[in-house]
Amino acid sequence: MAEKSNRKGGKQIQLEFESNKFIGALYGEHNANVKLIERTLGIKADVKGNTMILRGEQADLELARQVLTQLYGLIEEGFPIYPSDVDYGLRIIKGNRDARLKDIFQDAVYISTKKRAITPKSLTQKKYIEAIRKHDIVFGIGPAGTGKTYLAMSMAVASLMKKEVSRIVLTRPAVEAGERLGFLPGDLAEKVNPYLRPLYDALNDLLDFEQTTQLITRGVIEVAPLAFMRGRTLNDAFIILDEAQNTTSEQMKMFLTRLGYSSKAVITGDITQIDLPNGKGSGLVEAKKILSNISGIEFIAFSQEDVVRNQLVRDIISAYEQMEKDKPEIH
């Protein structure tokens with residue numbers, strides 16, 4: 001790699017990749033990956049064959065070099081690269097210059113039924129997956145779009161397919177998100193179904209629809225409102241409590257004490273999106289305060305940097321967080 005100053009006082013570096021065989025995958029269709037790096041870092045990239053010349057500020061050039069060389073190494077090992085991976089790679093390396101994308105992107109959760117692999121897209125997601133493997137109770141706390149529930153569901157399905165557990169239990173508190181739905185028509189199942197729909201959607205993404213239906217019919221996968229957990233002991237199960245910020249203190253304690261032998265529980269929530277009535281404290285907030293020092297329980301904190309949805313979602317979350325910081329304190 002050669003390096004020199006350009007006329008504008010910035011820097012220039014030249015990258016030489018060993019083989020033209022992998023250049024198309026690295027650069028992307030119509031150089032889409034290269035253009036993404038240019039836009040994100042505010043640098044200029046000129047490519048010719050397996051040679052790339054980058055111009056810009058030193059810190060930005062070094063970040064681009066690290067990401068490109070690491071992505072090239074992944075492609076050499078047969079890992080497919082998409083523009084989203086370039087985006088994740090830039091964010092990961094920017095946050096931690098010592099990070100190895102190979103260690104993160106290749107830490108796969110395999111879903112055998114669809115012959116697919118779910119991989120972490122940030123350092124926090126990797127820590128989350130590792131925590132779920134290691135601990136019996138894991139809390140994933142952070143904003144929407146960070147993969148908290150989806151990764152937990154992936155781990156649950158993978159554990160079921162590998163016969164590490166005999167069933168999956170998915171639950172949410174039935175709390176309305178700032179709306180009043182009134183007296184819904186239908187039987188009990190029809191009344192609570194709208195609250196559980198996001199869990200069904202995630203299941204259908206991970207498993208074939210027919211298989212999901214069959215497993216639910218047989219009771220191997222149970223999707224139920226949190227109130228249905230009372231009085232039960234759940235053995236040999238992978239249990240996920242979603243939207244846990246909307247549990248009361250009593251509900252959270254009730255849920256955590258359902259855990260039986262050979263079981264694992266993952267609790268996910270966003271403490272900035274609490275929909276409980278005024279005066280009701282969040283069981284998730286309380287649990288974070290009183291359980292953090294218990295061995296065997298792990299808390300993983302996600303931030304807007306871990307959002308794996310549209311860039312606008314990260315910007316929206318950042319804007320709301322800034323608004324909260326700018327609010328005058330009330331004494």
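The values are calculated or read from the model by the stated rules, or taken from the named source; none is laboratory data. What you see is a predicted model, and the numbers here were worked out from it, not measured in a lab. With ideal geometry, Cβ positions are generated from the backbone for all residues, glycine too; neighbour counts draw on all protein chains shown. Surface accessibility is based on the protein's heavy atoms, side chains included, excluding ligands, DNA and RNA. Shrake-Rupley method; radii C 1.70, N 1.55, O 1.52, S 1.80 Å.
For the reader, a short list of remarks on this structure follows.
- Selection status of THR272, open to solvent by less than 30 Å² (accessible area, probe 1.4 Å), of a type in the set (Ser, Thr, Tyr) and either touching a residue at least 60 places away in the same chain (Cβ under 8 Å) or in contact with a Gly (Cβ under 8 Å, 6 or more places away or on another chain) (or both): no
- Considering GLN70, GLN14, GLN66, the condition of being over 25 Å from ALA108 (Cα atoms) and at pLDDT 90 or above is satisfied by GLN14 alone.
- Condition check for GLY182: part of a loop (DSSP other than H, G, I, E, B), at pLDDT 85 or above and either open to solvent by 20 Å² or more (accessible area, probe 1.4 Å) or of a type outside the set (A, V, I, L, M, F, W, C) (or both): no
- Filtered residue count, region 60-86, keeping only those that are polar (S, T, N, Q) and under 21 Å from the mean Cα position of the chain (by Cα): 1
- Against the list (1) open to solvent by less than 10 Å² (accessible area, probe 1.4 Å); (2) under 21 Å from ILE81 (Cβ atoms); (3) modelled with pLDDT of 90 or more, the condition PHE105 fails is (3).
- Any hit, region 56-72, residues being under 24 Å from PHE302 (Cβ atoms), without any contact (Cβ under 8 Å) to a residue 24 or more places away in the chain and open to solvent by 40 Å² or more (accessible area, probe 1.4 Å): no
- Out of ALA202, ALA227, ALA287, one residue alone is open to solvent by 60 Å² or more (accessible area, probe 1.4 Å), part of a helix (DSSP H, G or I) and among the aliphatic types (A, V, I, L, M). It is ALA227.
Conditions tested, residue by residue: (1) under 21 Å from GLU130 (Cβ atoms); (2) buried (at least 17 other Cβ atoms within 10 Å of the Cβ); (3) touching a His at 6+ places or on another chain (Cβ under 7 Å).
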position: GLU243; (1), (2), (3): no, yes, no
position: THR257; (1), (2), (3): no, no, no
position: SER282; (1), (2), (3): no, yes, no
position: ILE294; (1), (2), (3): yes, no, no
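- Filtered by the rule that a residue be basic (Lys, Arg) and within 9 Å of the chain's Cα centre (by Cα), region 127-151 gives a lone residue, LYS148.
- For region 32-45, residues that are over 14 Å from LYS11 (Cα atoms) and loosely packed, with under 15 Cβ neighbours inside 10 Å total 2.
- When region 121-165 is filtered for residues that are crowded, with 22+ Cβ neighbours inside 10 Å, among the charged types (D, E, K, R) and farther than 21 Å from GLU222 by Cα, only LYS121 remains.
- Per-region count, region 230-252, residues farther than 20 Å from THR149 by Cα and either polar (S, T, N, Q) or in a helix (DSSP H, G or I) (or both): 4
- Region 208-219 residues that are closer than 13 Å to VAL157 by Cα, paired with ones that are open to solvent by less than 100 Å² (accessible area, probe 1.4 Å) and of a type in the set (Val, Ile, Thr) (beta carbon under 9 Å, 6 or more apart): ASP208/THR113; GLN211/THR113; THR212/ILE221; LEU215/ILE168; LEU215/ILE221; ILE216/VAL223
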